[in-house]
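Data block below; observations after.
Just so it is clear, none of the values below were taken in a lab; they were calculated from the coordinates. Treat the numbers as computed from the prediction; the structure is a model and nothing was measured. Here the Cβ positions follow ideal geometry from the backbone for every residue, glycine too, while neighbour counts run over all protein chains shown.
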Amino acid sequence: MAFTFHLKDDPEFQEVLKLCKDLKKEVADLRSQLPEWVGEREAQRLTNLSARTLYRLRIEQELVWKHDHGIHYQRASLLAHNAKRAIGRGRYAHLLIVQ
């Protein structure tokens, strides 16, 4: 006699799924409140890179930036650059998707 158990029938698993759904919504709400553009110091803090390195990346067009009362970087491009650095240039780097 075979016994089968489905996770979808487990009440504790249902609670975990609900918690994950709630957390995803909360993270999305928090991300929507962050400014799209950040200044030089915030960019340095987010990437842990020097101002000189950020300048070089601007010249190489690896970061999205604008000159509006100073240099501002697009937060999404900084985070994408961080993720690219974390994975490196290995064979799986192209699979990275930053939302």
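Mean-square fluctuations from a GNM of the chain, with a 10 angstrom spring cutoff on Cα atoms, peak among Val64, Val16, Val27 at Val16.
The residue list Leu49, Phe13, Ala86 was ranked by how far each Cα lies along the charge dipole of the chain toward its positive end, using unit charges on Cβ atoms, and Leu49 comes out on top. Within straight-line reach of Lys24, meaning a Cα separation under 16 Å, sit the following aspartates and glutamates at least 8 residues removed in sequence or on another chain: Glu15.
Karplus-derived 3J(HN,Hα) values for the range 13-28, using 6.51 cos²θ - 1.76 cosθ + 1.60 with θ = phi - 60°, are 5, 4, 5, 5, 4, 5, 4, 4, 4, 5, 5, 4, 5, 5, 4, 4 Hz; glycine and proline are entered as x.
Quick one: angle between helix 75-87 and the longest Cα principal axis of the chain, in degrees between 0 and 90, rounded to 10, please. Roughly 70 degrees, rounded to the nearest 10. Remark: the Lys18-Tyr55 segment gains 8.9 nm on full extension, using 0.36 nm per residue and subtracting the alpha carbon distance. Histogrammed with a bin width of 10 Å, the alpha carbon distances of the chain distribute as 13, 32, 24, 16, 10, 5, 1, 0 percent, first bin at zero.
With loop defined by DSSP as not H, G, I, E or B, and exposure as at most 12 other Cβ atoms within 10 Å, which is the longest segment of the chain clear of exposed chymotrypsin sites (Phe, Trp or Tyr not before Pro)?
6-91
Put a plus charge on the Cβ of each Lys and Arg, a minus charge on the Cβ of each Asp and Glu, and nothing anywhere else: the dipole of the chain about its Cα centre is then about 580 debye. In the elastic network of the chain, a GNM with C-alpha springs shorter than 10 Å, the most mobile of Leu17, Leu49, Leu57 is Leu17. Other residues whose C-beta falls under 14 angstrom from the C-beta of Asp29 contribute a net charge of +2, scoring Lys and Arg +1 and Asp and Glu -1.
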